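Take a look at the structure set out below.
All of the numbers you see were taken from the coordinates with simple rules; none came from a lab. From a predicted model like this one, the values you see are computed outputs, not experimental measurements. Cβ placement follows ideal geometry from the backbone for every residue including glycine, while neighbour counts extend to all protein chains displayed.
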Amino acid sequence: MPRQKRSNSGRTVLAQFILRLRDREKATFRQLAEIAQCSPSIVHSWSTGSLPCESITALKRLCEHYGVPLAVSLTGSPEKGHGSAPLDFLYQEEEVFSGIARIQITKLVERQPKEETV
């Protein structure tokens, strides 16, 4: 079975997904395995870099339970045109500013070519 490419953190996308899911849901490998209807060792192996072969349907059940597209667990991003993942799976929040502020958002509109006058 080929290994999935590892990110800069040294973990596969699937491993990062499983660990984020555990943190977000405060769940154990056993609890995730019960939802996925597989053994805890399979869920643990996903968290250490193994890719699901025979257990892909278990991973799909886990994703469906938490409302996350299967593509997000395997690639880190949803398929185009097939819904989206919860934002906390795709983005990490960073506090940029704390306090009172006035915020203005400016929409950027593509420039139109100027017509030449004769």
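List of remarks:
- What the Cβ-Cβ distance of residue 54 and residue 34 gives, at R0 = 22 Å and to the nearest 0.05, is a FRET efficiency of 0.75.
- Cα gyration tensor shape for segment 27-69, rounded if a/c is under 1.5, else prolate or oblate: oblate
- Debye equation applied to the C-alpha atoms of segment 13-90, log10 I(q)/I(0) at 0.18, 0.26 Å⁻¹: -0.63, -1.38
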